[in-house]
1. Residues of region 66-76 being modelled with pLDDT under 95 and farther than 15 Å from Gly138 by Cβ, which ones?
2. Output the number of residues of region 32-49 satisfying the condition of being among the small types (Gly, Ala, Ser), modelled with pLDDT under 80 and within 18 Å of Val73 (Cβ to Cβ).
3. So which pairs qualify, if the first residue must be in region 86-104 and assigned to a strand (DSSP E or B), the second must be at pLDDT below 95 and among the small types (Gly, Ala, Ser), the Cβ gap must be under 6 Å, and the two must be at least 6 apart or on different chains?
4. Might you let me know whether region 107-121 holds any residue that is among the acidic types (Asp, Glu), in contact with a Lys or Arg (Cβ under 8 Å, 6 or more places away or on another chain) and either closer than 18 Å to Leu13 by Cα or modelled with pLDDT under 85 (or both)?
5. Working only within region 123-143, note down all residues that are in a helix (DSSP H, G or I) and of a type in the set (A, V, I, L, M, F, W, C).
6. Residues of region 18-63 being under 14 Å from Met142 (Cα atoms), in contact with a strand residue (DSSP E or B) (Cβ under 6 Å, 6 or more places away or on another chain), open to solvent by less than 60 Å² (accessible area, probe 1.4 Å) and outside any strand (DSSP E or B), which ones?
7. Of everything in region 64-79, what is closer than 18 Å to Ser103 by Cα and crowded, with 17+ Cβ neighbours inside 10 Å? Give them in sequence order.
8. Answer yes or no as to whether Gly79 is touching a helix residue (DSSP H, G or I) at 6+ places or on another chain (Cβ under 9 Å), in a loop (DSSP other than H, G, I, E, B), modelled with pLDDT of 75 or more and within 20 Å of Glu139 (Cβ to Cβ).
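The values are calculated or read from the model by the stated rules, or taken from the named source; none is laboratory data. All values derive from a computational prediction rather than experimental measurement. Please note: Cβ atoms are built from the backbone with ideal geometry, for glycine as well, and neighbour counts cover all protein chains shown. The protein model used for the area step is the full one, side chains on, heavy atoms only, and it has no ligands, DNA or RNA in it. Shrake-Rupley method; radii C 1.70, N 1.55, O 1.52, S 1.80 Å.
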Amino acid sequence: VVLLHLPTPVRPLVLTLSSGESRVFHHVGAAFGDDLLNPRNALALRDLPLVPASPLHACEPLGNASSLAGTVVLIERGGCNFTEKVMHAQTAEARAAIVFDSSHNGERWGLAMSAGAEAPPAAAAVHIPSVFVARWVGEELML
C-alpha cells in the first residue's frame, strides 16, 4: 500500500444514518475510480444501503458478495492495497466503497487512496467511486 500526502482536499460527505439522522463526515477521494461527488453520482448513490464487507478488510473475494449488489460497501484499511479492496467491492456489484482507517490517527488520517506503484492496471479497472475516512467515522457507520 502506497500512501501519498497529496494536496487533495478533505471534503464533506453527507450521509443519512440508519437512525434517519443526516451527518456530515469528512473524506478524501481515491486517486482511482469515479469521483463520489461527481454530480452524476449524486442521485445514483442516493438512498443506497451501507453494508460492511465480509471480511471487513476486503483483501479477498467478499463472502457476502451476494448481498452487496447496489450497495455502498464499508471496508477497513489494511492487509492489501486500496485498489484490491475496492475491486472486490466492484466485483460484488457494489455502487461505491467507503474505506475507513484501521487505527485511531486523530486528524492525521487524511491520505489519498493510491493504487500503489505495483497496481496501475488494477487501478484502471476500478470504476466505482470510493473514499477514505477516519476510523471513528467507520465505527459510527457500523452502528
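1. Gly70, Thr71
2. Selection size over region 32-49: 1.
3. That search, which allows pairs on different chains as well, returns Ala97/Ser130; Phe100/Gly138.
4. So far as region 107-121 goes, no, none of its residues is among the acidic types (Asp, Glu), in contact with a Lys or Arg (Cβ under 8 Å, 6 or more places away or on another chain) and either closer than 18 Å to Leu13 by Cα or modelled with pLDDT under 85 (or both).
5. Selection gives Ala123, Ala124, Ala125, Trp136, Val137, Leu141, Met142.
6. Within region 18-63, Ala53, Leu56 meet the criteria.
7. Passing the criteria: Leu74, Ile75, Glu76, Arg77.
8. Criteria met by Gly79.
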